[in-house]
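Okay, structure first, notes after.
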Amino acid sequence: MVVFGRISQALLRYSLSQSRQLSVSAAHGHGEKAARTWKILSFVVALPGVAVCMLNMYLKMHEHAAHHVEPEFVPYSHLRIRSKRFPWGDGNKSLFHNPEVNPLPDGYEGR
């Protein structure tokens with residue numbers, strides 16, 4: 001227990017000395033230059049990088065949608081069992097039901 005107290009006091013003294021050094025360096029203008037550098041990097045590197053990634057995923061999504069074939073519905077007896085109705089809607093659709101992806105017990109909607 002005594003060792004834990006000594007270690008925590010040493011860490012506290014170290015953190016106080018570090019905060020003093022940071023405040024002294026910020027007073028000399030080093031922080032303003034670093035902040036300006038990071039701001040420029042954010043606008044020049046990060047934002048275009050995010051835009052390129054979004055464009056890439058958009059194009060891949062359209063490429064995938066062009067080749068996507070919906071699977072045939074097979075009414076397996078062990079899937080989509082409804083022992084009691086859901087407490088929302090018509091009682092047959094799950095809470096996050098998607099009519100394009102999730103079939104009902106008797107097949108996809110609209111077909």
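Summary table
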| item | result |
| --- | --- |
| Residues that are modelled with pLDDT of 95 or more and among the hydrophobic types (A, V, I, L, M, F, W, C), drawn from segment 50-88 | V50, A51, V52, C53, M54, L55, M57, L59 |
| Residues of segment 80-108 classified as on the phi > 0 side of the Ramachandran plot and either of a type in the set (D, E, K, R) or surrounded by 11 or more Cβ atoms within 10 Å (Cβ to Cβ) (or both), total | 3 |
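The values are calculated or read from the model by the stated rules, or taken from the named source; none is laboratory data. Every value quoted in this text rests on a predicted model; they were computed, and no experiment measured them. Backbone-built Cβ (ideal geometry, glycine too); neighbour counts: all protein chains shown.
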